Amino acid sequence: MTNDQNEDVQLRSVALQNAQSILAAREQAERELISAKAALEAKTKELAISLAMVQATLEAATDAILVTDTQGQITNYNRKYTEMWKIPSEVIETRDYKRLQEICSKHLHDSWQYLLRINEIYSNSTQESFDQLRLIDGRVIEMVSTIQHVEDKNGGRVWNFRDITDRTKAEEEVRRQQEWLRVTLESIGDAVITTDIHSQVTFLNPIAEILTGWPFEEALGQPLKTVFNIINEKSRQPALHPIDQVLREGIIVELSNHTALIARDGTEISIEDSAAPIRDFTGKLLGAVMVFHDVINKRQAEEALRQSEQKLRAIFNQAAVGIATIDLEGQWEEVNQKFSDILGYTHEELLQIPLRDLTYSEDLPRSNQKIEELLAGHISDYALEKRYIRKDGSLVWSLDTVTLLWDAEGNPRQFLVIVEDITLRKKVEEDSLRLSAVVESSDDAIISKTLTGIITSWNQAAERMFGYTAPEVLGKSISILFPPERLEEERDIIARLKRGERVDHYETERIRKDGTFLNVSLTVSALKDHNGQIIGASKIARDITERKRAEVELRQAQEKLNLYAEELEKQVVARTAYLDESIRSLESVCYTIAHDLRSPLRAMQGFTQIIAEDYAPAFDEEGRALTSRIVTATTRMDALIHDLLEYAKLSHVDLPCQTLDLNEVMQKVMEALHSDIISKKAQILIQSLPPVWGNQTIVEQILTNILTNALKFVEKNEPPSIEIWSESMEGGPRIFIKDNGIGIAEKHQDRIFEMFQRLHENEKQYAGTGVGLAIVKKSIERIGGSVGLYALESQGSCFYLDFLPGENL
């Protein structure tokens, strides 16, 4: 075989080998690729499981967690994070950490400081950071940031957020309580010593240092008996330490009486108080605490309290104002004497009456409202002007100052009331307001001034009268109102006031603002200070310009009137004389006519009586009726003529008067009217009557006429009831005669004592002449007295007779 052929064979053999090698390598590569793919799938599954476990771990974590890469992009988070920071889903899905931090910062008190802190952590690549974030809603979040390393490289940060609000509050509360306990023990008024279970000192407060003489640094770790050396005050022997019993038995132990503490310097102090065990939360005994204090101070305080109570009791009982305590239901618990005096009740009576029953009804709503505000805590006390109802029903003004007292537990206990009687002050205020109103509403100018003439007050009437407003004259001299020639008057008036004189109705002239003159009448009074010193004057000026003008006109008219009056008087005298003569003539004629009529009338009465007795039985019914009417008419005519004669005689006959025993006169009248009294079944009550001055016949006539009326003018079939009594009046005795008759209408009472006044239409039942009461009036006036009447229609009548007083019989 040639060389070429050998080379060719060798080349083909090499190529074949290479092809086989390549095929084998390819097959090997395919096998390795399949194996790698299977391994990758396995790793992918493991990674997915790991990621699922990581995510499950994140969600199961109690903290809010956020994971970011080195670029600040969000790579992971749990649900608690979005809930804690209230992150919208659309924001978290952007994976933009900066935007996320801007949203979170809005929940913080100091958002700008928070953003600076985040930038600082990223810029410095801080391995681990711890921060507390205070949110606007009050939460406290602990933020922990840690770099996560991947193959020793920075793989981003894990942010851990924990809500430590409760823990923070608890820590703050523990610190507060510890500080409170420290301050309390250091500032408490009692001495405090604590020991461990071996009775060695672990704490002394400042008071304990003072009482024992041991500084805390030196006493720390010392046996209690060394620092707290106590003896019995009486036996002078060492006393049992209460802490020994506390540590032995685990109970609270009171110090024995008469225990004295021997201080480090040997001084002796009487003490008392107690010791108690100190335990942990499991109840294990850790030591003991002893609280004690100086009894001398307590004894001094008790004595001071006793003296203070005595002083307060004396103040309570002797106070010039009313003091009381009231329970929450408004019932008095205690009142002092002044309060009882203000309301007019005794102490015992007042305690039985509730506050509401003593408060004037109009003031009760305001009083209740203030009490409600006190109980609600809106106010701590209040002052209220109100009125109380005194025992006698009168009202008393008071200024009540009310304070709500509390018990040791902070619950309202009772009200303390201070009551000041301001009735006089209220009256002064009312008088002042009334006076002010009078001054301002007065038509007179009311002006006050100093002794030097400076105007200090000026009412509206002064403005109208003088034309000046108050601002124009206040502080200026009153001389602006004076004509120059009358300036001296002011000095004279002031001098009179200083002498204690009062200037009344002083007439003078003044000048208005417009320069016109006016006449005024002045009344000037001195103004005094509380010491009685004259400090000024008050003037009341009345414009009498019109009155002066009217006086001039009146004088002129009076002169004319006097001339007319003189002439008229002459005419009146002449006419009066003529009238008196005419009346006397008329009365004389009437008397004569009445007297002359009696003779034929008596004849007519006699003949009529004979006819009625002897011939009437033979008459028919009409004849007997006519005869009866004639008898009645003649009887009435006779009575009328009799009354007219009696009335006429009163003007012509002398009436000699003397002191009369009115009881005897009344007895004679009753005897004269005996038959009428019996027939009408009248009840007459007569009280003892005084002696009077009068004429026997006239007084009998007066009483007879009035009693006759009282017996006559009653309702049909009703028995008369008459009362007679007397009263002493300024001019003499007044006799009252009251009946139960039909009364007299008010419109007729002015004319009842005139002649021929017949007020009743029932002539048959109430027949009369209409002259009887006219005779009463004229008769009583003839003897210096008068008659009057109290009556109402259908309610009876009450006549009264005023007599001149007689001498005592």
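The values are calculated or read from the model by the stated rules, or taken from the named source; none is laboratory data. Source: prediction; values computed, not measured. FYI the Cβ positions are ideal-geometry reconstructions off the backbone, even for glycines, and counts take in every protein chain you see. With ligands, DNA and RNA removed, areas are computed over all heavy atoms of the protein, side chains included. Shrake-Rupley method; radii C 1.70, N 1.55, O 1.52, S 1.80 Å.
Results, tabulated for the structure shown:
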item: Contacts under 8 angstrom Cβ, first residue in segment 724-749 being farther than 15 Å from Asn709 by Cα and touching a residue at least 40 places away in the same chain (Cβ under 8 Å), partner surrounded by 13 or more Cβ atoms within 10 Å (Cβ to Cβ) and of a type in the set (Ser, Thr, Tyr), 6 or more apart; result: Pro733/Ser726; Arg734/Ser726; Arg734/Tyr800; Ile735/Ser726; Ile735/Tyr800
item: Hits in segment 316-327 (condition: outside any strand (DSSP E or B), at pLDDT below 85 and surrounded by 12 or more Cβ atoms within 10 Å (Cβ to Cβ)); result: Phe316, Ala319, Val321
item: Ala52 being within 30 Å of Glu172 (Cα to Cα), of a type outside the set (Ser, Thr, Tyr) and modelled with pLDDT under 80; result: no
item: Meets criteria (within 17 Å of Asp163 (Cα to Cα) and open to solvent by 20 Å² or more (accessible area, probe 1.4 Å)) for Lys98; result: no
item: Residue check for Glu120: assigned to a helix (DSSP H, G or I), closer than 19 Å to Gln132 by Cβ, over 60 Å from the mean Cα position of the chain (by Cα) and acidic (Asp, Glu); result: yes
item: Close pairs from segment 498-522: first closer than 21 Å to Pro471 by Cα, partner surrounded by 14 or more Cβ atoms within 10 Å (Cβ to Cβ) and of a type in the set (Phe, Trp, Tyr), Cβ under 9 Å, at least 6 apart; result: Arg510/Phe466; Arg510/Phe482; Ile511/Phe466; Ile511/Phe482; Arg512/Phe466; Arg512/Tyr468; Lys513/Phe466; Lys513/Tyr468
item: Neighbours by Cβ (under 6 Å, 6+ apart or cross-chain): first from segment 271-292, under 10 Å from Ile243 (Cβ atoms); second open to solvent by 40 Å² or more (accessible area, probe 1.4 Å) and in a loop (DSSP other than H, G, I, E, B); result: Ala276/Ile252; Gly287/Ile197
item: Leading residue by the ranking (farthest from the chain's Cα centre (by Cα)) among those in segment 123-137 that are among the charged types (D, E, K, R) and open to solvent by 50 Å² or more (accessible area, probe 1.4 Å); result: Glu128
item: Failed condition for Leu58, given (1) modelled with pLDDT of 80 or more; (2) out of contact with any Lys or Arg (no Cβ under 6 Å at 6 or more places or on another chain); result: (1)
item: Subset of segment 210-231 [farther than 17 Å from Ser199 by Cα and either at pLDDT below 85 or among the small types (Gly, Ala, Ser) (or both)]; result: Gly213
item: Residue list for segment 398-422, restricted to those being under 19 Å from Leu343 (Cβ atoms) and open to solvent by less than 50 Å² (accessible area, probe 1.4 Å); result: Ser398, Leu399, Asp400, Val402, Phe415, Val417, Val419, Ile422
item: Search result, residues across segment 242-252 that are in a loop (DSSP other than H, G, I, E, B) and in contact with a Leu (Cβ under 9 Å, 6 or more places away or on another chain); result: Gly250
item: Single match in Asp543, Asp580 (criterion: modelled with pLDDT under 75 and either surrounded by 10 or more Cβ atoms within 10 Å (Cβ to Cβ) or not charged (D, E, K, R) (or both)); result: Asp580
item: Checking Ser367 against (1) farther than 16 Å from Thr325 by Cα; (2) within 13 Å of the chain's Cα centre (by Cα); (3) part of a helix (DSSP H, G or I), the condition it does not meet; result: (1)
item: Qualifying position, being open to solvent by 60 Å² or more (accessible area, probe 1.4 Å), of a type in the set (Phe, Trp, Tyr) and modelled with pLDDT under 80, among Trp180, Trp112; result: Trp180
item: Flag if Ser688 is touching a helix residue (DSSP H, G or I) at 6+ places or on another chain (Cβ under 9 Å) and assigned to a loop (DSSP other than H, G, I, E, B); result: yes
item: Lone qualifier among Val174, Val201, Val150, Val140 - being over 30 Å from Asp265 (Cβ atoms) and either open to solvent by less than 30 Å² (accessible area, probe 1.4 Å) or at pLDDT 85 or above (or both); result: Val140
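The rows are residues; the columns are (1) modelled with pLDDT under 75; (2) surrounded by fewer than 19 Cβ atoms within 10 Å (Cβ to Cβ).
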{"residue": "Phe756", "(1), (2)": "yes, yes"}
{"residue": "Asn762", "(1), (2)": "yes, yes"}
{"residue": "Gly770", "(1), (2)": "yes, yes"}
{"residue": "Ala774", "(1), (2)": "no, no"}
{"residue": "Glu781", "(1), (2)": "no, yes"}
{"residue": "Ser786", "(1), (2)": "no, yes"}
{"residue": "Leu789", "(1), (2)": "no, yes"}
